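The values are calculated or read from the model by the stated rules, or taken from the named source; none is laboratory data. Since the model is a prediction, treat every value here as computed from it, not as a measurement. All Cβ positions, glycine included, derive from the backbone under ideal geometry; neighbour counts span all protein chains shown.
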Amino acid sequence: MNKIIISPSILSADFANLEKEIQAVKEAGAEWIHIDVMDGHFVPNITIGVPVVKSLRKVTDLVLDTHLMIENPERYIEPFAKAGADILTFHYEACKDSDHVNEIISKIKHFGIKAGLSIKPKTAPEEIFEFLDRLDLLLVMTVEPGFGGQEFMHDCAMKIPLIKEKVQNDIIIQVDGGINNLTAKICKSLGANSLVAGSYIYGNNDYKKAIESLK
């Protein structure tokens with residue numbers, strides 16, 4: 001079986017104790033930390049920005065899997081890269097056209113970090129096929145981005161095999177939204193190899209048990 005990368009989302013962590021919360025999931029078996037950046041425009045919520053990523057970089061060696069749910073993502077590639085993000089995933093829907101998408105991918109790669117592209121529930125996977133060979137990660141949203149704790153959309157998961165069929169490289173197919181021990185099985189069976197989980201992990205008394213149930 002392919003290795004599954006679990007990326008706990010700090011959106012559901014205790015923000016007053018982020019360093020402790022990140023260390024706890026690391027000890028429980030996580031290799032990545034998912035950081036949801038929201039601007040109040042592209043999505044209706046506002047979360048964290050560059051200073052938090054910079055602070056987290058100082059206290060953890062985990063991969064900082066940074067998901068930009070923001071407008072004008074090209075403006076923030078350099079600040080987040082310099083802050084220590086290892087992966088920058090931006091939204092296809094935040095781009096004007098294909099050239100814009102390619103320009104952002106190139107900008108991310110210029111800083112020597114991994115480039116990810118995310119699609120919202122209503123976006124057809126066919127729209128992003130042309131970018132797959134340039135990406136390190138493709139993130140399929142199985143909830144509407146913007147808030148944690150939403151219910152998993154099964155029809156969105158059906159995009160995974162369509163994307164996997166078109167992949168020529170070692171791209172990571174990540175799923176975010178409503179992930180728990182049951183929905184994780186669905187996503188893995190369809191071909192996903194990375195899962196983002198927030199409330200399922202951080203809402204569990206036993207982080208290790210929660211993470212292992214997703215692998």
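A few notes on this one:
- Of the criteria (1) surrounded by fewer than 21 Cβ atoms within 10 Å (Cβ to Cβ); (2) in contact (Cβ under 8 Å) with a residue 60 or more places away in the chain; (3) touching a Ser or Thr at 6+ places or on another chain (Cβ under 7 Å), which one Leu139 fails: (1)
- Being in contact with a Phe, Trp or Tyr (Cβ under 9 Å, 6 or more places away or on another chain) and basic (Lys, Arg) is a property that holds for Lys82.
- Filtering the stretch 1-37 to residues that are assigned to a helix (DSSP H, G or I), touching a helix residue (DSSP H, G or I) at 6+ places or on another chain (Cβ under 6 Å) and within 27 Å of Ser189 (Cα to Cα) leaves Ser12, Val25.
- Here Lys3, Lys107 are screened, and the one residue that is under 19 Å from Val175 (Cβ atoms) and either charged (D, E, K, R) or surrounded by fewer than 20 Cβ atoms within 10 Å (Cβ to Cβ) (or both) is Lys3.
- Residue in the stretch 163-177 that is among the acidic types (Asp, Glu) and assigned to a loop (DSSP other than H, G, I, E, B) present: yes
- Of all residues in the stretch 38-65 being of a type outside the set (A, V, I, L, M, F, W, C) and not in a loop (DSSP other than H, G, I, E, B), the one that is surrounded by the most Cβ atoms within 10 Å (Cβ to Cβ): Asp65
- Single residue of the stretch 80-104 satisfying the filter (polar (S, T, N, Q) and surrounded by fewer than 21 Cβ atoms within 10 Å (Cβ to Cβ)) that is farthest from Asp170 (Cα to Cα): Ser98
- Residue under evaluation Leu68, criteria (1) surrounded by 19 or more Cβ atoms within 10 Å (Cβ to Cβ); (2) over 15 Å from the mean Cα position of the chain (by Cα); (3) closer than 28 Å to Asp133 by Cβ, criterion not met: (2)
- Take the conditions (1) among the hydrophobic types (A, V, I, L, M, F, W, C); (2) within 19 Å of Ile128 (Cα to Cα); (3) touching a Ser or Thr at 6+ places or on another chain (Cβ under 7 Å); Ala192 misses just one of them, which is (3).
- Tally of residues being more than 16 Å from Trp32 (Cβ to Cβ), in contact with a helix residue (DSSP H, G or I) (Cβ under 6 Å, 6 or more places away or on another chain) and either aromatic (Phe, Trp, Tyr) or in a helix (DSSP H, G or I) (or both) across the stretch 199-215: 2
- Number of the exception - Glu151 against (1) over 21 Å from Ile4 (Cβ atoms); (2) of a type outside the set (A, V, I, L, M, F, W, C); (3) in a helix (DSSP H, G or I); (4) touching a Gly at 6+ places or on another chain (Cβ under 7 Å): (3)
- For the stretch 195-215, filtering for residues that are surrounded by fewer than 20 Cβ atoms within 10 Å (Cβ to Cβ), within 24 Å of Gly146 (Cβ to Cβ) and more than 15 Å from the chain's Cα centre (by Cα) leaves 2.
- Just one residue in the set Ala184, Ala115, Ala192 is part of a loop (DSSP other than H, G, I, E, B), within 16 Å of the chain's Cα centre (by Cα), modelled with pLDDT of 95 or more and not basic (Lys, Arg); that residue is Ala192.
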